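These notes concern the structure reproduced below.
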């Protein structure tokens, strides 16, 4: 199927193709004549919509054609969003322009993974952009000092992302939660409108998480290391005494690996966060099946991510299966990682509406069906699954490989769009042939395998015979897929005129 571009996309593509020889030609001549940048520019894009300007910027960035003078003509007084994410050059110039021209209009600033942000300029710019609603600083050099500026001026901020910022700590969280009045007393936080906050992979501890939870009462999404445990610690006494407590607005809960767990933590968190949609927890030795059952009361649960640890006491049949029996039908995302005795057949029966499934590094799988679980007459299995990621660990544990029968069941989901399989030795030529006889992968766009040593290039080549071959085919470190196989596949792709990106190593 050929995907046709819209008229808008064609226009953006054409503008980017001729950005310097037509659209910026006059401005470049002026720059050459005067030898410096202009503070304000009435150029060819002054009358088009802010969104179209952003589309042109994004396309130039995507094509790696974005240059300093392009910001001069594309950032205007009406600019509402500026996406500089992943820009590897110094972004001081566009930030300064945004502060000068768009201080009243700019609502969204994305600097994610910009490696060259002048801190002095960033602080000055953030103090000017008082109408910002979304600020993304993921993976940058953002620090507590920067967050103190955000805390002082970000009264309209609704979404703040500082994930993977190694210089952000509890002090930075305090800076967006506490402000001082003229008497030196703490007053209402300037950032009280925050609805989404991401502090994952920073130096923020349970102390900072506690400060955020106690002060930012509009938080709905709070991505952090341990919101479950912190909420439980705050309210344990009230919960034990049956005292009524104001519910949180949170729609996500987290407990990462290595976190201390106390009995009833899950019960307290679940009772105080009834609107949770996304749950991501790691279960250590202190967590038992009965604890996991506390999440049965989360009626809106759509995403469930459960990970075990080396000494986990959570079992599939005692903890995970009962939870899936109650909430599985509502799930569209499920991750099961580092657990034992996973029954894929049961998962398919209980989670028939899953669109995304991750099976990571589990110790073992099981085909046992407990007598208490009769096979439902209306079972359709994983009929709407779109994304499948499987990572085994056969290089360390032979019995950790996913059984062939289970793998066939997963790969025959008719709506699959994305497949990634790693270190899975049950994936063989015969198994792939069996799957292709049952599933023509009408919607498959991405097929990627890594360290799968029992499949050959000849079998992979049969994927090219599909009516609609995937757009991406990637093969990494598979012993029986050699360079000759890679060259043969590329040759067939070229001969048949298949639009496919093929990668091999």
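Observations, loosely collected:
- Qualifying residue in region 37-51 (condition: in contact (Cβ under 8 Å) with a residue 24 or more places away in the chain, in a helix (DSSP H, G or I) and either touching a helix residue (DSSP H, G or I) at 6+ places or on another chain (Cβ under 9 Å) or not assigned by TED's automatic domain parsing to the domain that holds residue 94 (or both)): yes
- Scanning region 260-271 for residues that are crowded, with 20+ Cβ neighbours inside 10 Å and either in a helix (DSSP H, G or I) or out of contact with any strand residue (DSSP E or B) (no Cβ under 8 Å at 6 or more places or on another chain) (or both) gives 265, 266, 268, 269, 270.
- Verdict on residue 402 being without any contact (Cβ under 8 Å) to a residue 40 or more places away in the chain, buried (at least 16 other Cβ atoms within 10 Å of the Cβ) and closer than 20 Å to residue 360 by Cβ: no
- Conditions (1) under 23 Å from residue 401 (Cβ atoms); (2) buried (at least 17 other Cβ atoms within 10 Å of the Cβ): number failed by residue 464: (1)
- Scanning region 157-178 for residues that are outside any helix (DSSP H, G or I) and within 12 Å of residue 204 (Cβ to Cβ) yields a total of 8.
- The condition of being free of Cβ contacts under 8 Å to residues at least 12 places away in the same chain and either surrounded by 12 or more Cβ atoms within 10 Å (Cβ to Cβ) or touching a strand residue (DSSP E or B) at 6+ places or on another chain (Cβ under 7 Å) (or both) holds for only one of 15, 22, that being 22.
- Of the set (1) buried (at least 18 other Cβ atoms within 10 Å of the Cβ); (2) within 25 Å of the chain's Cα centre (by Cα); (3) in a loop (DSSP other than H, G, I, E, B), all apply to residue 257 but (1).
- Across region 352-367, the number of residues qualifying as crowded, with 22+ Cβ neighbours inside 10 Å and at pLDDT 95 or above comes to 3.
- Residue in region 439-447 that is in contact with a helix residue (DSSP H, G or I) (Cβ under 8 Å, 6 or more places away or on another chain) and surrounded by fewer than 18 Cβ atoms within 10 Å (Cβ to Cβ) present: yes
- Selection from region 60-77 of residues that are assigned to a loop (DSSP other than H, G, I, E, B) and crowded, with 17+ Cβ neighbours inside 10 Å: 66, 75, 76
- Any chance residue 408 is surrounded by fewer than 20 Cβ atoms within 10 Å (Cβ to Cβ), farther than 21 Å from residue 319 by Cα and over 22 Å from the mean Cα position of the chain (by Cα): yes
- Residues of region 177-202 that turn out to be surrounded by 15 or more Cβ atoms within 10 Å (Cβ to Cβ), at pLDDT below 95 and more than 18 Å from residue 248 (Cα to Cα), as a count: 3
- Verdict on residue 19 being modelled with pLDDT of 85 or more and under 23 Å from residue 132 (Cβ atoms): no
- Residue identified as part of a loop (DSSP other than H, G, I, E, B) and in contact with a helix residue (DSSP H, G or I) (Cβ under 7 Å, 6 or more places away or on another chain) among 85, 103: 103
- Test for residue 329: is it under 20 Å from the mean Cα position of the chain (by Cα), without any contact (Cβ under 8 Å) to a residue 40 or more places away in the chain, under 20 Å from residue 353 (Cα atoms) and surrounded by fewer than 20 Cβ atoms within 10 Å (Cβ to Cβ): no
- Top-ranked residue of region 24-36 - restricted to ones that are more than 23 Å from residue 106 (Cβ to Cβ) and touching a helix residue (DSSP H, G or I) at 6+ places or on another chain (Cβ under 9 Å), ranked as modelled with the lowest pLDDT: 31
- When 237, 247, 243 are checked against the criterion of being in a helix (DSSP H, G or I) and outside the structural domain of residue 148 (by TED's automatic domain parsing), a single residue qualifies: 237.
- The listed residue being in the same structural domain as residue 193 (by TED's automatic domain parsing), part of a helix (DSSP H, G or I) and modelled with pLDDT of 90 or more, out of 112, 98: 98
- When 481, 460, 455 are screened for being farther than 23 Å from residue 357 by Cβ and touching a helix residue (DSSP H, G or I) at 6+ places or on another chain (Cβ under 8 Å), only 481 passes.
- Verdict on residue 348 being more than 30 Å from residue 217 (Cβ to Cβ) and touching a residue at least 60 places away in the same chain (Cβ under 8 Å): yes
- Out of 291, 345, one residue alone is at pLDDT below 95, in contact with a helix residue (DSSP H, G or I) (Cβ under 7 Å, 6 or more places away or on another chain) and surrounded by 17 or more Cβ atoms within 10 Å (Cβ to Cβ). It is 345.
- Selection of first residues in region 122-138 that are under 17 Å from residue 219 (Cβ atoms) and of second residues that are assigned to a helix (DSSP H, G or I), restricted to Cβ pairs under 8 Å at least 6 apart or on distinct chains, gives the following pairs, ordered by first then second residue: 135/126; 135/150.
The values are calculated or read from the model by the stated rules, or taken from the named source; none is laboratory data. All values derive from a computational prediction rather than experimental measurement. Note: ideal-geometry Cβ built from the backbone for every residue, glycine included; neighbour counts use all protein chains shown.
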